[in-house]
Amino acid sequence: MPATDARGPRLAAAAALAALALAGAYLALGGSSYEPTEVRDPCEPRPWREPEGIEESAEQFALSALDGAACELRVTRETLAVAIASDEARREFAEEYGVDEARLEAAIRAGLVRAVDDAEAADALSPVVAVPLRALFSRIPVEEAIALIEDARAVFEDVEGLLGRGRGALDDAEGLLRELLP
């Protein structure tokens, strides 16, 4: 007759006790009342941190642009970020939220203009650069606008490189500025 191992029942009891202790600790720390963090209203201004370098400035610029566009469309910033990830995602977003292409494009451009306003207010962009950027961003092709939101470093790294990519829109903006300024 084989010898019975007395450790088996003790190990099972210890495992059950550890599981009960873990569940008790989870409940004691508020685990039964967990609710996800509420999504912030994209229309409420968010203060810019003191950016330390191009990466932080670009990140804040992109988040501000997403907030501005999301505010225009009355959706969350997170919803819009997913929506602009691809052409298909934009089509699905437009269908789900009843947004036509022109309204979506206008909101994305308005988001970029808001980001320029926020960056200028935070002294991350000079007013000398902000004025032509506003004019450019109000007319920039939507694919380039989305590319800037996805990687806004170009706004802070090399303004000439950025303006070079949107030369046609820059020429339009320059003409508009000449009309507006005496």
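The values are calculated or read from the model by the stated rules, or taken from the named source; none is laboratory data. Not measured: the values here are computed from a predicted model. Virtual Cβ from ideal backbone geometry, glycine too; neighbours counted across all protein chains shown.
Pull out all pairs, ordered by first then second residue, where Cβ-Cβ is under 9 Å, the residues are six or more apart or on different chains, the first lies in the stretch 125-144 and is acidic (Asp, Glu), and the second is not in a helix (DSSP H, G or I). Sorted first by the residue in the stretch 125-144, then by its partner, the pairs are 144/166. Condition check for residue 139 on (1) modelled with pLDDT of 90 or more; (2) in a helix (DSSP H, G or I): one failure, at (2).
If I ask for residues that are at pLDDT 90 or above, of a type in the set (Ser, Thr, Tyr) and under 24 Å from residue 155 (Cα atoms), which ones from the stretch 86-134 would you list? Once the filter is applied, which keeps residues that are at pLDDT 90 or above, of a type in the set (Ser, Thr, Tyr) and under 24 Å from residue 155 (Cα atoms), the stretch 86-134 yields only 86. Candidates in the stretch 51-75 are the residues that are in contact (Cβ under 8 Å) with a residue 12 or more places away in the chain and out of contact with any helix residue (DSSP H, G or I) (no Cβ under 6 Å at 6 or more places or on another chain); of these, the one that is farthest from residue 111 (Cα to Cα) is 55. Comparison of 102, 145, 124 shows that the only residue that is assigned to a helix (DSSP H, G or I) and in contact with a helix residue (DSSP H, G or I) (Cβ under 8 Å, 6 or more places away or on another chain) is 145.
The set of residues in the stretch 118-143 that are surrounded by fewer than 16 Cβ atoms within 10 Å (Cβ to Cβ) and either among the acidic types (Asp, Glu) or in contact with a Gly (Cβ under 8 Å, 6 or more places away or on another chain) (or both) comprises 123, 141, 143. Residues of the stretch 144-153 that are surrounded by 20 or more Cβ atoms within 10 Å (Cβ to Cβ) and over 16 Å from residue 104 (Cβ atoms): 152 alone. The residues of the stretch 68-89 that are farther than 20 Å from residue 38 by Cβ and not in a helix (DSSP H, G or I), listed by number, are 84, 85, 86. For the stretch 47-67, the set of residues classified as farther than 15 Å from residue 151 by Cα, more than 12 Å from the chain's Cα centre (by Cα) and among the charged types (D, E, K, R) consists of 49, 50, 52, listed by residue number. Annotation: of all residues in the stretch 68-101 being under 17 Å from residue 144 (Cβ atoms) and acidic (Asp, Glu), the one that is surrounded by the most Cβ atoms within 10 Å (Cβ to Cβ) is 101. Among the criteria (1) surrounded by 18 or more Cβ atoms within 10 Å (Cβ to Cβ); (2) in a loop (DSSP other than H, G, I, E, B); (3) modelled with pLDDT under 85, the one residue 42 does not fulfil is (3).
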